[in-house]
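Inspection log for the structure reproduced underneath, given as structure tokens.
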Amino acid sequence: MKFAHVLSLFLACAAGSGCFTKSVPKSPSAAGTSVHTLTVEDIGGNQIELSQYRGSVLLIVNVASQCGFTPQYEALEKLELELAPQKFHVLGFPCNQFGEQEPGSSAQIAKFCKESYQVSFPLFAKVKVKAGEGQAPLYTLLGAATGSLPGWNFGKYVVGRDGRARAFFASTVKPDDADLRAAIEKALAEKT
């Protein structure tokens, strides 16, 4: 994709054309469904049951290595380190659907994240987050539960200790944003 095309797409999104979030109808059945029922593939190719995060608050983010929002990795890592003692984890799911900004292999993505941002939080295999054929079951569930899907890289879902989505925040909301932090704190304060 040519730089000028990507730039014009980014500027259109920033102007409010809705690229940073996509509304989807809420499904009453999915609203009560826990991510703990799902198995996903990590960046090393291992099958990971998300039930291992039962009792933890999660921030699930669709990430990309070549995006204008990529520097958010730094603040995401800071959140992970600060809040991990309270049973909080950032989970990064690479996605190449927005501007083809995550073209690398799993090994390349892992190397980039470690070397560029010292990422220690879990990274997973590349997924499709957009509605339609091939959409990752995790994003089908999160979209149905919140009524929102990422419209660009670095969309963020706050998931409670019970595995149910609490809120969605668009790409433009930085990891240190007060509203996002308040949603995380609220989820951390909930009884299990």
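The values are calculated or read from the model by the stated rules, or taken from the named source; none is laboratory data. None of these values were measured; they are calculated from a predicted model. Ideal geometry is used to build each Cβ from the backbone, glycine not excepted, and the neighbour counts take in all protein chains shown.
Of all the numbered requirements in (1) closer than 21 Å to residue 53 by Cα; (2) within 13 Å of the chain's Cα centre (by Cα); (3) outside any strand (DSSP E or B), residue 81 misses one, and that requirement is (2). Among the conditions (1) surrounded by 22 or more Cβ atoms within 10 Å (Cβ to Cβ); (2) within 12 Å of residue 63 (Cα to Cα), the only one that residue 96 does not satisfy is (1).
This table checks each residue for (1) without any contact (Cβ under 8 Å) to a residue 12 or more places away in the chain; (2) among the polar types (S, T, N, Q).
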residue: 96; (1), (2): no, yes
residue: 99; (1), (2): no, no
residue: 102; (1), (2): no, no
residue: 110; (1), (2): no, no
residue: 115; (1), (2): yes, no
residue: 122; (1), (2): no, no
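In contact with a Gly (Cβ under 9 Å, 6 or more places away or on another chain), closer than 17 Å to residue 40 by Cα and without any contact (Cβ under 8 Å) to a residue 40 or more places away in the chain: does that describe residue 66? No: the conditions fail for residue 66.
A quick yes/no check of all residues on (1) surrounded by fewer than 17 Cβ atoms within 10 Å (Cβ to Cβ); (2) within 23 Å of residue 141 (Cα to Cα):
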residue: 60; (1), (2): no, yes
residue: 70; (1), (2): no, no
residue: 92; (1), (2): no, yes
residue: 100; (1), (2): yes, no
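Name the strands (runs of 3 or more DSSP E) wholly inside segment 1-75 in which the number of residues that are under 27 Å from residue 118 (Cβ atoms), touching a His at 6+ places or on another chain (Cβ under 8 Å) and modelled with pLDDT of 95 or more is 3 or more. Those strands (runs of 3 or more DSSP E) span 57-63.
Taking segment 116-143 as the region of interest, how many residues are under 11 Å from the mean Cα position of the chain (by Cα) and assigned to a loop (DSSP other than H, G, I, E, B)? Of the residues in segment 116-143, 2 are under 11 Å from the mean Cα position of the chain (by Cα) and assigned to a loop (DSSP other than H, G, I, E, B). For segment 103-123, a residue qualifies if it is buried (at least 17 other Cβ atoms within 10 Å of the Cβ) and of a type in the set (A, V, I, L, M), and the qualifying residues are 109, 110, 119, 123.
Every condition in (1) within 14 Å of the chain's Cα centre (by Cα); (2) at positive phi; (3) of a type outside the set (Phe, Trp, Tyr) holds for residue 146 except the one numbered (2).
Residues in segment 129-141 that are under 18 Å from residue 40 (Cα atoms) and either polar (S, T, N, Q) or surrounded by fewer than 16 Cβ atoms within 10 Å (Cβ to Cβ) (or both): 131, 133, 134, 135, 137, 140.
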